[in-house]
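Asks: Pasting a structure below so you can have a look.
The values are calculated or read from the model by the stated rules, or taken from the named source; none is laboratory data. Note that this is a predicted model, so its numbers are computed, not measured. As a convention, Cβ positions derive from the backbone with ideal geometry for all residues, glycine included, and neighbour counts pool all protein chains shown. These area figures cover heavy atoms from the full protein model, side chains too; ligands, DNA and RNA do not enter into them. Shrake-Rupley method; radii C 1.70, N 1.55, O 1.52, S 1.80 Å.
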Amino acid sequence: MFNDNGDDGVPDIIRAKAFPAPPTGGEVLHMADFDPNRAGQILLELRHYWEGLRKGRAIPDRADVEPKGIRSALDFAFILERVAPGAARFRLAGRHLIDLMGMEVRGMPFCSLLNPESRGRLSDVLESVFKAPQIAELRLRSEPGYGRPELVARMLVLPLKSDLGDVTRAMGCIISEGEIGRAPRRFDIMAEELTPVIPGALVLEPSPSAAGFTEAPAAPWRAASPAPVAPEGVSEPRPAEGDASPEARRARFRIVIDND
């Protein structure tokens, strides 16, 4: 069970469905273990659920999301909160995410799922989801290593509105295929697909991190140029009072002391 009584004021409770043991005895298996290759089915189910929440609107509200509507996707689902341009944190996360990272991920940065080399691109894609807004689907890969077999995954990110009406929430899911092995598992982006929320609308292409959603770099410091010196015997015209700079006007003031 996961509880989230955050800034949006909506209590979020996700309960993993309990499956009783078979009547004949034996090991109890979780439903997610039966078909590891059903990633496409889960992504499609979550997307259909999101579409059903719209009810004629472009973006559904975060308050409309209920766990009972996505029972089979609960273990793979997550809720994000945008905290800065291109940055989000987990407000909720299913069991599969905890298994991938080997720890509770609620409150952690969304980019912690990826290797450092791919975090810039993820930031750009995520900001385009909030800014356009639009839907993002990513294909991910985790390199093999000691105790870590190669792992591939698919991720879906769908925009949501907060209680204030701004698009600063998102729901999504991540489904890996293969043995997780030794956690944490972090991924690289192999491919991405962006879809506008309104059919036929233009797709907002993610801008590169260096010149996209980051602030423009400050202008470099330069040494001040020396003031020009008038040739000998030539006096410069004194600027009119209204044309003089504040510094020039302040320089004309003199302190006069009368000792009488």
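Asks: I'm trying to understand the selection: among the residues of the range 182-232, which are closer than 30 Å to V167 by Cα and at pLDDT below 55?
Replies: The answer is A210, A211, G212, F213, T214, E215, A216, P217, A218.
Asks: Another question about this same structure. Restricted to the range 86-100, and to residues that are touching a strand residue (DSSP E or B) at 6+ places or on another chain (Cβ under 7 Å) and farther than 23 Å from E66 by Cα, which residue is surrounded by the most Cβ atoms within 10 Å (Cβ to Cβ)?
Replies: L100
Asks: Next question, about the same structure. Find all pairs meeting these conditions: Cβ atoms under 7 angstrom apart; at least six residues apart or on different chains; first residue within the range 51-62 and more than 14 Å from M171 (Cα to Cα); second residue open to solvent by less than 20 Å² (accessible area, probe 1.4 Å).
Replies: A58/V197
Asks: Can you tell me which residue among E179, E104, E127, E117 is in a loop (DSSP other than H, G, I, E, B), in contact (Cβ under 8 Å) with a residue 24 or more places away in the chain and over 22 Å from L53 (Cβ atoms)?
Replies: Exactly one of E179, E104, E127, E117 is in a loop (DSSP other than H, G, I, E, B), in contact (Cβ under 8 Å) with a residue 24 or more places away in the chain and over 22 Å from L53 (Cβ atoms), namely E179.
Asks: Suppose the filter is under 30 Å from R54 (Cα atoms) and surrounded by 14 or more Cβ atoms within 10 Å (Cβ to Cβ); does E205 pass it?
Replies: no
Asks: Identify, by number, the condition in (1) under 17 Å from E127 (Cα atoms); (2) among the acidic types (D, E); (3) in a strand (DSSP E or B) that D188 doesn't meet.
Replies: The single condition D188 does not satisfy is (1).
For (1) surrounded by fewer than 22 Cβ atoms within 10 Å (Cβ to Cβ); (2) farther than 22 Å from E143 by Cα, each residue gets a yes or a no:
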| site | (1), (2) |
| --- | --- |
| H48 | yes, yes |
| R57 | yes, yes |
| D61 | yes, yes |
| A77 | no, yes |
| L80 | no, yes |
| G102 | yes, no |
| N115 | yes, no |
| V129 | no, yes |
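Asks: Go through the residues of the range 150-158 one by one and say whether even a single one is over 23 Å from E45 (Cα atoms) and either open to solvent by less than 10 Å² (accessible area, probe 1.4 Å) or of a type in the set (K, R) (or both).
Replies: no
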